[in-house]
Structure formats: C-alpha cells, structure tokens
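Engineer: Below is a structure I'd like to ask you about.
Every number here is computed from the coordinates shown, using simple stated rules; none is lab data. Keep in mind it's a predicted model, so treat the numbers as computed, not measured. Using ideal geometry, Cβ is built from the backbone for each residue, glycine included, and neighbour counts are taken over all protein chains shown.
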C-alpha cells in the first residue's frame, strides 16, 4: 500500500497496465511531458515511445486509430485532454467504437479505454470545464465510469483496460490532487458495474459521482452536525447504472437527493429520479430533489461558483425533503 | 484566377481495346481468374439491384464500373491483411473473403451480415462517409506495435476526401509511417455532386505529397494498372516505407443508390463514354486476343457465378429473423443487469 492522490493512482494503474505489451497509451502530449495533468508522467521513459505515443492534435484521429488498434487485438488507452475536446471524436465514439461489436455480431470488438478528464472548479479556460457525460451514457454500447477515490481510480482503470468492451473513463479534474488515500501496489480491479454505498444513514439518501462526491461526503458531515443521518451512494458507473444500492437505501430513508454538476435538462439525475420512483415510489416521503449544474454554458473562472453545486445547495435540498 | 494545372495522365497498362501499353504485372492465368471474379462481382451487383426492385431489400448502392478498381487492388493483398471499406465496395470485400451471404444479409437488414468468418480480415462496410479510413491506420499501426507485417487497405470515394477524417487519417499515416494503402475510387460523383465540387486539386493523388507519402494516379478501370499500383504500395508498406494514396479514376455507372435518380443531375453522354472503357470488356478483349476467351466459357462462368450468388440469396432469406431478445445480444460480452431487464421486457412485449 502506498498513499497516493488520484493522479498518482492513475499513473500507477497505467504503469501496471503497460506491463502487458498489447497495451498502448496514445494522445496529445501524453509522452514527453507526461500529459497536461501529468497523469502519464514518466511512462514514455519506462515503456518507450512506440507504446506511449504522442499524437498529432487530432481527437478523431486518436480515437479512430485506437479503434483500429483495438480491432487488431491491442488494448489501447486513448487520452482526450479535456471533455470539451472530445466532441471532434464524437462520431468515432458513437458510430464506430460503440457499435462494432453489434454491427459485426461479436466478430470484431473494440476493447479500448478513452480517458477523459472532465468537470469544472479549477478556473480553466472555456471548453475545459465540461461535464457532458450524459451524451456518452446515452450511447448504447459504451460503458461510462468515473472514480472519486484513488483506490477506485486505479482499480477501475485496470478493470477498464481489461474489459472486453469500450470504456469511457472520466477523470475528475478537481479531485486529481485533492483526495489522497491508500492504494495497493501491483494489479487489482474494481468492478465497473457496481455503485457503492459510501455512508449509511436513515434520514436521506444522497446520490453522486465523480468530482461531486467531495461535496456529497462533506454534506454527510454537515448534516450529521445538525443531527440528520444521511446515506450516500457513489454511482462510480454511469452506464450501466447500478441503482440497487440507491433503491435499497431510499426504501429505508424515504428521501433522496441526486447531485451532479452536469446541466440539469436531460442529465443523469432525471434518469435516476425516474428509476427510483419506478422501484421505490411507496417508500418516498418527499419528492426526490436534484442539485445540478444549470442549463447554462459552464461559466468562466470568476462565475464558476454560481454553477457548480455546493454543500450549501445540497444541504438546502435535503432540508426541503425533510420539510415536505 | 489562373487555370489549375492540367491533371497528369493516369497510369495505364491495359488499354480499352485490350492491348498492353506496358509489361503486364500478372501472368495470363491470374488475369483470367481475376476476370472471372469481376464477372462474379457484376452478377452480385445486378442481383442486388433486381432484389431492390422486387422489394426484397430496401436500398442498394451499385458499384458497376468499379470492379477493376476493387478487385485489382485487393489482388495485391495476402489473407492476413485487412480490408476496411464502404457500402459501395462489395467486390473488394468479397474478393478478400467476405462471403456473398454476409453482404446480402447486410443489405437485407440483418446484423449477422457483419460477422465475417473467422480469419477473414474484413470489417463490416462503413456506412458513414469517411470515418473508416483512420481505422485502417490503426489496424496497420498495430502491426508496427506487434512487429508483424500485416497491411491495411482502405477504400473510399472522392466525396470522402472532403471529410475532416480523411485529413486525420492521411496525417497519422504519414507521421507514423503506418502500413496503410489508401484506395480512393474517384468515380466522379458523390451522390449529385461532381468531383470538381469536392476539391480544387488537379488530382486527389497529389494530396499525398502534403502528407509525406507516395501518391499514384491510375486508370481505375484498368485491372492491371490498379494491381500494379497496389502491389507496389503493399510492398512499400511491408518494408516499413509507409503508406500510399492510390487514386483510381473510374466512373459510377449507376445512380448513388437504388433510391437515387442520376438523370436529375448528370448527362447520359458520360455514360456512353465510360461504357466504352468498361473494366471487364477490356480484360475480355485481352484474354480473347491471347486465346484465353471463348463465348462458351463466358456463358458458363456467368451462369455459374449467378448461381453462386443466387444460392447465397436463398440462404440469407431462409435465415429466421431475430427474436426481440436477440437485438440485445450484440451489445456487450456480458449483458449488464439493466439491459437484461430491458431484454426480458422486450421478449414479453411489455414496458
């Protein structure tokens, strides 16, 4: 075990994965500089420029070439620098990566990982703060996962590399260096289809994922200080959604607040709310609340705090469910 | 505005009259085999057009006139190589081992068409225009990573060169010297738009210069010229000398698809002009002049190839359609719980 932050845990995961000669890492600036967030720092020196590949600036090319490599039997890990830069690769992801297994009825597959740092909160330039995971979770044929702890980051990335199907692996930019934890050395895997109950409680169930888990965990503490017992579920996997722990918790608490920083309309919270009421309506004691980003463009640095959900907003939503 | 420079003459080995303008790259027996394959491809093409008129398939994209461009290029490949092609490249795909059955299943609307037999390195045809060329770069790149020598050949039209993905594919292939052979069938038309509206370049082949790779302009209706260019490109690719762009100048004799009416936008005079350059007829003349062709033999192979296609059609149409649950089974190795629930609902006709 070594104490690592999320960026270090991901670096370690890639280092472990690259021990397999069929694994390649490719993307813009991933090699010589170790990536814009230094997640792949040192890997090109250790594993060589033929497998830790600095590509031209071309996201469609990166994903499309990785797709060809994957079909040929390699295990590529493609990095897109920021979620806002993933859109040039959107057609490759949706029309080819997500579909090849079905359009060839299992004859050809794309066992590849597309790593995408996402989310706001670091005051980055325009297009660098997107949280548009819904469009990928909405696409049949993709797994979409997002860790919120160093332990999950490493175990889920190794599971994603080993997965026989394509995985969109979202990395919460805001948490890269903000969360530390004990991470096992060597290889281990964390399931890609299980949500995790990270706090148990009796009054309300908080549901979140990725970068927002920091606010969710802090909300649990803030509520405890005022005598409210909150449960919290880290979804970890957005496609397929595992709502069993959410439903089980809501059956106990009768209240639910879903949190994401993505825009509200069409966001995953809508899907979660719909599914929870289908399965646990008669346990509910209050309408399910959503705390999300707004249906606005993510504001730039000086106004970001108006957009990203805060502990205060989540606590206020919990209060509404308690007063209903 | 100055007039663009005149396009150079495409490489030609076999003239429309069937004479050799240069040494043949292939022995007569092989040319005869390839001719028979072109006859087979044309039989398939005609059969699918007929099936569309009979309402047995929804839409079909004919390749008539492009048989030499497709079969001549694939003739330079080995079975371990890859073919990444489009909806208009059935001849190329079939010649690399993709059965007529699969092609017919695909066109009649059955996903099982995309399942090439084991060992046949042919991806299902790309339906979106242009995105597939970079896949051939990745497939070839995998050879570099693994240290084997499989080459990937990709087919596309003149219209696809306008897509941004053409640039990204060519650029990656140039930078990483991947063993990729780009075969542009410049058939003059992208649905209703002529080649001149896709690019102001004098040729498409010359675009290769900008990517630091070889570019070759060939008569796409000349089986031997296409083969020679592809053969050289494959040798270069295997030797680690990188990619090649081949522009095969040909003509789309049919409409874009069976739903298109080419009479709305093009002159029938062109058709007569290109019919005189038919890729099968010039090989037939060459074979006849060398004592390798008779009307009886022609008759026999036409009947034989048509019967082979017919048998594949019967097999495709006899295959029971999917049950509701089957549409879920192509999505993942292990169907996630949420999708299993949906499959049950679909099977029950519920939800």
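Engineer: For the protein assembly as shown, take N as its residue count and report Rg(C-alpha) divided by 2.2 N^0.38 Å.
Structural biologist: It is 1.09.
Engineer: Could you identify which residue out of B:205, B:229, B:116 has the top mean-square fluctuation in a GNM of chain B using Cα springs shorter than 10 Å?
Structural biologist: Highest fluctuation of the listed residues: B:116.
Engineer: Which angle from 0 to 90°, rounded to the nearest 10, does the C-alpha axis of helix B:295-318 make with the longest principal axis of chain B?
Structural biologist: Value to nearest ten degrees: 20.
Engineer: Here's something else I'd like to know. Using alpha carbon centroids, what distance separates region B:123-182 and region B:294-351, in Å?
Structural biologist: Their Cα centres are 28 Å away from one another.
Engineer: Moving on. Quick check on region A:196-323: of the DSSP beta bridges with both residues there, what percent are antiparallel, nearest 5%?
Structural biologist: Antiparallel: roughly 20 percent of the beta bridges in region A:196-323.
Engineer: Between residue B:303 and residue B:327, what is 0.36 nm times their sequence separation minus the Cα-Cα distance? Round to one decimal in nm.
Structural biologist: Length gained between residue B:303 and residue B:327: 4.9 nm.
Engineer: Between region A:227-285 and region A:45-83, what is the C-alpha centre distance in whole Å?
Structural biologist: 35 Å
Engineer: Oh, and also: With no solvent and one point per C-alpha, what does the Debye sum give as log10 I(q)/I(0) for chain A at q = 0.10 Å⁻¹?
Structural biologist: After summing over all Cα pairs, the log10 values are -0.55.
Engineer: Rounded to whole Å and ordered largest first, report the semi-axes of the equivalent ellipsoid of chain B derived from its Cα gyration tensor (root of 5λ).
Structural biologist: Working from the Cα gyration tensor, I get semi-axes of 33, 26, 21 Å.
Engineer: Continuing with the same structure: Where is the GNM fluctuation largest for chain A (alpha-carbon springs, 10 angstrom cutoff): A:72, A:17, A:230?
Structural biologist: Comparing A:72, A:17, A:230 in a Gaussian network model of chain A, the most mobile one is A:72.
Engineer: Right, here's the next one. Could you check which residue among B:260, B:23, B:45 shows the biggest mean-square fluctuation in a GNM of chain B with a 10 Å Cα cutoff?
Structural biologist: B:23
Engineer: Can you tell me, using C-alpha contacts under 8 Å and at least 6 residues apart, the relative contact order of region A:272-324 as a whole percent?
Structural biologist: 43 percent
Engineer: With an 8 Å cut-off on Cα pairs and a minimum separation of 6 or more residues, tell me the relative contact order of chain B in percent.
Structural biologist: For chain B, the relative contact order is 23 percent.
Engineer: Also, I was wondering about something else. At residue B:275 and residue B:201, where each label point lies 7 Å from the Cα along Cα→Cβ, what is the point-to-point distance in nanometres?
Structural biologist: 3.3 nm
Engineer: Give the calculated FRET efficiency between residue A:45 and residue A:180 to the nearest 0.05, with a Förster radius of 22 Å applied to their Cβ-Cβ distance.
Structural biologist: After rounding, the FRET efficiency stands at 0.30.
Engineer: What percentage of all Cα-Cα pairs in region B:63-200 are separated by more than 22 Å?
Structural biologist: 36 percent
Engineer: Quick one: Cα convex hull volume of region B:217-329, Å³ per residue?
Structural biologist: With only Cα atoms used, region B:217-329 gives 233 Å³ per residue.
Engineer: Can you compute the FRET efficiency between residue B:235 and residue B:22 using 1/(1 + (r/R0)^6), with r the Cβ-Cβ distance and R0 = 22 Å? Round to the nearest 0.05.
Structural biologist: That pair, residue B:235 with residue B:22, gives E of 0.80.
Engineer: Nearest 10 degrees, 0 to 90: what angle lies between the long axis of helix A:311-323 and the longest principal axis of chain A (Cα atoms)?
Structural biologist: Value to nearest ten degrees: 40.
Engineer: With contacts defined as alpha carbon pairs under 8 Å and 6 or more residues apart, what's the relative contact order of chain A in percent?
Structural biologist: RCO, chain A: 16 percent.
Engineer: What percentages, rounded to whole numbers, describe P(r) for region B:149-223 computed over all alpha carbon pairs with 10 Å bin width beginning at zero?
Structural biologist: That works out to 17, 54, 25, 3, in percent per bin.
Engineer: Now, a different point. Separation between the residue A:38 and residue B:314 pseudo-spin-labels, each 7 Å from Cα along Cα→Cβ, expressed in nm?
Structural biologist: Modelled inter-label distance: 7.1 nm.
Engineer: Among DSSP beta bridges lying fully in region A:2-183, give the percent that are antiparallel, nearest 5.
Structural biologist: Within region A:2-183, antiparallel bridges account for around 15 percent of the total.
Engineer: Rounded, prolate or oblate, given the Cα gyration tensor of region B:26-140, with a/c below 1.5 counting as rounded?
Structural biologist: oblate
Engineer: If you restrict to DSSP beta bridges whose two residues both lie in the protein assembly as shown, what percentage is antiparallel, to the nearest 5?
Structural biologist: Around 15 percent of the beta bridges assigned by DSSP in the protein assembly as shown are antiparallel ones.
Engineer: On to the next question. So how much slack lies between residue B:339 and residue B:128, counting 0.36 nm per residue of separation and subtracting their Cα-Cα distance, in nm?
Structural biologist: 73.3 nm
Engineer: Could you work out, residue by residue across B:110-117, how many beta carbons of other chains sit within 10 Å of that residue's beta carbon, and then give the average as an integer?
Structural biologist: 4
Engineer: For chain B, what does -39500 (n - 2.57) per DSSP helix run (n ≥ 4), summed and divided by total residues, give at 222 nm, in deg cm²/dmol to the nearest 500?
Structural biologist: It comes out at -13500 deg cm²/dmol, rounded to the nearest 500.
Engineer: List A:251, A:130 from most exposed to least, where exposure is judged by having the fewest other Cβ atoms within 10 Å.
Structural biologist: Ranking A:251, A:130 by Cβ neighbours within 10 Å, fewest first, gives A:251, A:130.
Engineer: Please compute, for the alpha-carbon atoms of region A:2-183, the extent along each of the three principal axes and give them in descending order in Å.
Structural biologist: Projected onto its principal axes, the Cα set of region A:2-183 covers 43, 34, 29 Å.
Engineer: Sticking with this structure for a sec: Using alpha-carbon positions, what is the distance between the centroids of region B:94-117 and region B:246-268, in Å?
Structural biologist: Centre-to-centre distance over Cα atoms comes out at 24 Å.
Engineer: How big is region A:201-275 on each of its three principal axes, counting only the C-alpha atoms and giving the largest first in Å?
Structural biologist: Taking the Cα atoms of region A:201-275, the three principal extents are 33, 24, 20 Å.
Engineer: Continuing with the same structure: Would you mind getting me the FRET efficiency between residue A:305 and residue A:278? Use the beta-carbon distance for r and R0 = 51 Å, nearest 0.05.
Structural biologist: 0.90
Engineer: Rounding to the nearest 10 and keeping the result within 0 to 90°, find how far the Cα-based axis of helix B:164-176 lies from the longest principal axis of chain B.
Structural biologist: 70 degrees
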